[in-house]
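Following: one structure in structure tokens, then a few remarks.
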Amino acid sequence: MTVRVRMAPSPTGVLHVGTARAALFNWLYARHNDGVFVVRIDDTDLERSTKEYEEEILDAITWLGLDWDEGPRVGGPHGTYRQSDRFDRYREVAHQLVESGHAYFDDRSSEELDELRQRAVAEGKNPAHYIRRPERERTEGAIRLSIPQDAPIVFDDLVRGTVSFEPEDVDDFVILRSDGTPTYHLASTVDDVDYEITHVARGEDILPSTPKHIVLTRAMSFTEPVYAHLPLLFGTDGKKLSKRHGATALSEYREAGFLPEAIFNYLANLGWSLDGETTIFTREQAIAAFDLADVSRHPATFDPEKLTWMNGEYIRAMDTARFEETVRPWIEKGLGREVTDEEWERFRHVSALVQERTRLLPEAAEITRFLFVDIDAYDPQAWEKVMTKDGVATVLDRVLEALDSVGSWDHAAIEEELRKLPEQLGMGASKVFQPVRVAVTGTSVSPPLFESMAALGREKTLERIRRARGELG
RNA sequence: GGUCCCGUCGUCCAGCGGUCUAGGACGCCGGCCUUUCAAGCCGGAAACGCGGGUUCGAAUCCCGUCGGGACUGCCA
């Protein structure tokens, strides 16, 4: 039987990294098993769902590199893959369930319902306890599914093993609202049946809803899919990752300069591992090794530090041409304008050196800013630390002299001349080179000095050193 | 309150009864390299929540306990 899994985002907000990770695991499982990865839009909440969010979510998973076989944009044998287009179907199922005795109408007020829940809690019972079919038969209102009270609801979860719920702890939940719209439980379950989903891998936060979905599926005379409840992603405070932990939207990571490959790798390693030893691995390796049964059971803390390290690993692993191509928009973004061809050539002198030093794409823009704009102000700390020391003026004078002897303006020639100075001046190398760095780049952290000077060009370099010398008086 | 889930270094991941004096990675600390910053290399500190069992033997199995989390809507 072909494995069919799905990602079912609600377009009520941007794509959360937790949702992205669940999607990733589903995708890996599909690809590992030569199965089908379905994307379905769970937009039963008509109030909050928007087309914009839907597009943004689809863009985000595309960016992550997760392609889907059926769903919006690609089509498939099951219609639009959008729940808002299937309300008739859900209503039909709900009414069939009423007819078959599995469900019933309920027009009790929320006050009445609350009272029942409070009574149960007061008696030390689950609030679900008394939410049952009322004595008096109704013919309108919401439709609730009746939970048979005769046997526990047991299932084998791929990651958690056997999980069991007592029926009295599961309330007769609403499947169709009184306005005729389906709840998530109904739509999701009907779709899983209709789309022939074989495995449902989703966040552990909906584990308590799973018995409902199982009862509902069985009431429809189908067998439920295999479930796998994935551990949640936590923020650094040990709570479910949410907005208050900073960036939770995948798009925020994209905007911060993370690479999709790095995010993919990092997310894949949260709750799963290739072999216990290997941290950096390719999509292909992950596909070859992945199994939902190997996913860990405990929640994982999302660690931006490690993600950043991993991003640096991926940046360093790129070939330089691709790095240049990738980083160019970030440089232009940093400058607020496009760069000229001439400027770009300057950058390319140091691109490989910059690449090694970049963990997040915007860092490359910062560290090379001096190549694109004139220095309007020196970094105050750098100036204080480097330029206010004795002998700096002399150093710069000697540097300017030495630079006069440089014939062809390339880093090797520059280095050859400047290398002589520390010994001649009886100073440490950094005492000589740091002032030059501050003069040329405006700060104390930059790509290697001689290459930076070569990239900047003779004229600008000399001009900047003279200017800094002038500032010293 | 109830139900369910979870519990190995600060963090992520290994470990599925003996090979664990518990392994890999991030981070941290120290060193080397060095024109700054990175990178790289070398070294270090750092964990089986606790208590009982079972067993010749337990991080691994069982029970309890403590701790954490999720859910508890006519949201998803």
Review point. Given a cut-off of under 8 Å on Cα pairs at least six residues apart, what relative contact order in percent is computed for region A:143-208?
Key: 27 percent
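Helix-only estimate, please: 222 nm mean residue ellipticity of chain A, summing -39500 (n - 2.57) across DSSP H runs of length 4 or more and dividing by its residues, to the nearest 500. Before the final figure, lay out the partial values.
Details: 19 runs with 215 residues, N = 473.
Mean residue ellipticity at 222 nm (helix-derived): -14000 deg cm²/dmol.
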Point to revise | Probe 1.4 Å - accessible area at A:V215, Å² to nearest ten | key: 20 Å²
Exercise for review: Take A:A412, project a point 7 Å from its Cα along the Cβ direction, then tell me which residues of region A:349-381 have their backbone nitrogen under 17 Å from it.
Suggested key: A:349-350
Check your understanding: Near the amide H of A:D157, under 5 Å away, which other amide H atoms are found, from residues 5 or more places off or on another chain, if H is placed in the peptide plane?
Key -> A:T162, A:V163
Review point. With θ set to phi - 60° and the Karplus curve 6.51 cos²θ - 1.76 cosθ + 1.60, what are the ³J(HN,Hα) couplings of region A:232-239 in order, to the nearest whole Hz, using x for Gly and Pro?
Key: 6, 9, 9, x, 5, 9, x, 10
Check your understanding: Just how many pairs of Lys in chain A have C-alpha atoms closer than 24 Å, counting pairs that are eight or more places apart or on different chains?
Key -> 15
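Packing-wise, with mean Cβ within 10 Å as the measure, how do A:267-279, A:132-144 rank, highest first?
Working: A:267-279: 16.4, A:132-144: 14.3.
Final packing ranking: A:267-279, A:132-144.
Tell me the relative contact order for chain A as a rounded percent, counting alpha carbon contacts under 8 Å between residues six or more apart. Could you put the intermediate results ahead of the total?
Details: 712 pairs, mean separation 57.6, N = 473.
The value is 12 percent.
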Review point. For chain A, taking Cα atoms only, what is the radius of gyration to one decimal and the Dmax to the nearest whole Å?
Key: 31.2, 103
Check your understanding: Counting only protein heavy atoms, what percent of the accessible surface of region A:9-92 is carbon or sulfur at a 1.4 Å probe?
Key -> 46 percent
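Just the number please: accessible area per residue for chain A, 1.4 Å probe, all protein chains included, in Å². It would help to have the intermediate numbers written out before the result.
Working: 21970 Å² over 473 residues.
Using a 1.4 Å probe on heavy atoms only, each residue of chain A averages 46 Å².
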Review point. Of all GluC sites (Glu not before Pro) in region A:18-122, which ones are in loop regions per DSSP and have a Cβ with at most 12 other Cβ atoms within 10 Å?
Key: A:E47
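On the protein heavy atoms, probe 1.4 angstrom, tell me the percent of accessible surface of region A:380-472 carried by carbon and sulfur. Write down the numbers at each step before the final one.
Working: 2120 of 4520 Å².
The nonpolar share, carbon plus sulfur, comes to 47 percent.
Sorted from largest to smallest, which semi-axis lengths in Å does the alpha carbon gyration tensor of region A:224-297 give for its equivalent ellipsoid, taking the root of 5 times each eigenvalue?
Numbers: eigenvalues 101, 68, 27 Å².
Ellipsoid half-lengths, sorted descending, are 23, 18, 12 Å.
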Study note, to complete from the structure: Expected field for A:S221, accessible surface area in Å² at 1.4 Å probe radius, rounded to 10, holds 100 Å²
Review point. Going by alpha carbons, how many degrees (0 to 90, nearest 10) lie between the helix axis of A:458-472 and the longest principal axis of chain A?
Key: 80 degrees
Check your understanding: If region A:318-373 were replaced by its equivalent ellipsoid, with semi-axes equal to the square roots of 5 times the Cα gyration tensor eigenvalues, what would those be, largest first, whole Å?
Key -> 15, 12, 10
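What is the Cα radius of gyration of region A:380-472 over 2.2 N^0.38 Å, N being its residue count? Could the numbers behind the result be given before it?
Numbers: Rg = 11.8 Å, N = 93, 2.2 N^0.38 = 12.3 Å.
Here the Cα radius of gyration is 0.96 times the empirical estimate.
Relative contact order of region A:74-188, please, whole-number percent, based on alpha carbon pairs below 8 angstrom and at least 6 residues apart. Please report the intermediate quantities before stating the final value.
Values: 161 pairs, mean separation 31.1, N = 115.
RCO, region A:74-188: 27 percent.
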Revision key, fill the gap. So the angle from the long Cα axis of helix A:17-32 to the longest Cα principal axis of chain A, reported in degrees to the nearest 10, equals 80 degrees
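Which loop trypsin sites (Lys or Arg not before Pro) in region A:313-374, with loop taken from DSSP, have no more than 13 other Cβ atoms within 10 angstrom of their Cβ? Walk me through the numbers on the way to the answer.
Working: sites: A:R316, A:R322, A:K333, A:R337, A:R346, A:R348, A:R357, A:R359, A:R369; in loops: A:R337, A:R357, A:R359.
Those that pass, being in a loop and sparsely packed, are A:R337.
The values are calculated or read from the model by the stated rules, or taken from the named source; none is laboratory data. This one's a predicted model, so the numbers in the text were calculated from it and none came from an experiment. All Cβ positions, glycine included, derive from the backbone under ideal geometry; neighbour counts span all protein chains shown. Just the protein is used for accessible areas: all its heavy atoms, side chains included, with ligands, DNA and RNA removed. Shrake-Rupley method; radii C 1.70, N 1.55, O 1.52, S 1.80 Å.
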